[in-house]
Amino acid sequence: VYLGGDLAHIYLQEIIGPQWGLADRPLEIAVNYYAERKRRRSSLVALRWLQEQQSMAKTVAFLSNEARLLDGLEARHYAELAWVTCLNSRREAVALLSPNRWAASLDDMVAHFATIQTVMSSRYHCLLLAAWSGCRTYGLGRSSKIESLCGDIDIEFTSERALSNDALDRGMERAKRVPLSLLNSKADRSREAVRRALAQVGAGHGLQHVP
């Protein structure tokens, strides 16, 4: 987990850091909620809350880490729930925003984060992407891993395991942008941590020098 986070900081500093916070942001709110153990009620709460925001003329989207409609993945999970909320509420469906898996580069694949003002998410790398993209960011805590990340980049989070409207309202009030100076310091620390890890691996294999 920590090595993955370190590598993400390094990569995001290189592709996003130089243009941080400069893009126009037409999308006001994006929520990403997913857990390995499907929490149908929490996902429905998120979708219904987004519908309510949309009815108040706000631009919103349900944010997915995955674009493919395969069983067990976020986009499929959203598709299964979206029709329920539309049927019950008779409101317009909330748009699904997901990575372009046909993008020419990883940079292009994550470029949509720069169009979002506020991201609330229960996913580790989604929160990192949002922070590095200059979004107002808030954590939907589903595990100690998420809560640890929020503490590390100094953003607030809800520790409620069952999502609620109150938690999402609170997130909109308390979401904030992470200072680029803090993110850069995390990336610099991550580079040093990766160098140490490579040196240990190299020493274990009898290598004299690890770049």
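What follows draws every value from the coordinates through simple rules; no lab data is involved. Fair warning: this is a prediction, and the values are worked out from it, not measured in the lab. All Cβ positions, glycine included, derive from the backbone under ideal geometry; neighbour counts span all protein chains shown.
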Practice prompt. Find the percent of Cα-Cα distances in segment 141-180 that exceed 17 Å, and round it to a whole number.
Written response: 31
Worksheet item: Residue by residue through segment 137-149, which ³J(HN,Hα) values in whole Hz follow from phi under the Karplus form 6.51 cos²θ - 1.76 cosθ + 1.60 (θ = phi - 60°), with glycine and proline marked x?
Response: 10, 8, x, 9, x, 10, 7, 5, 4, 5, 5, 5, 4
Discussion item. For segment 78-184, report the % of Cα-Cα distances exceeding 24 Å.
Written reply: 32
Discussion item. So if each residue of separation counts as 0.36 nm, and I subtract the Cα-Cα distance between ILE15 and ALA79, what length gain in nm does that give?
Written reply: 19.9 nm
Item to complete: At 7 Å along the Cα-to-beta-carbon direction for both GLU147 and GLN200, put a label point, then send me their distance in nm to one decimal.
Response: 2.6
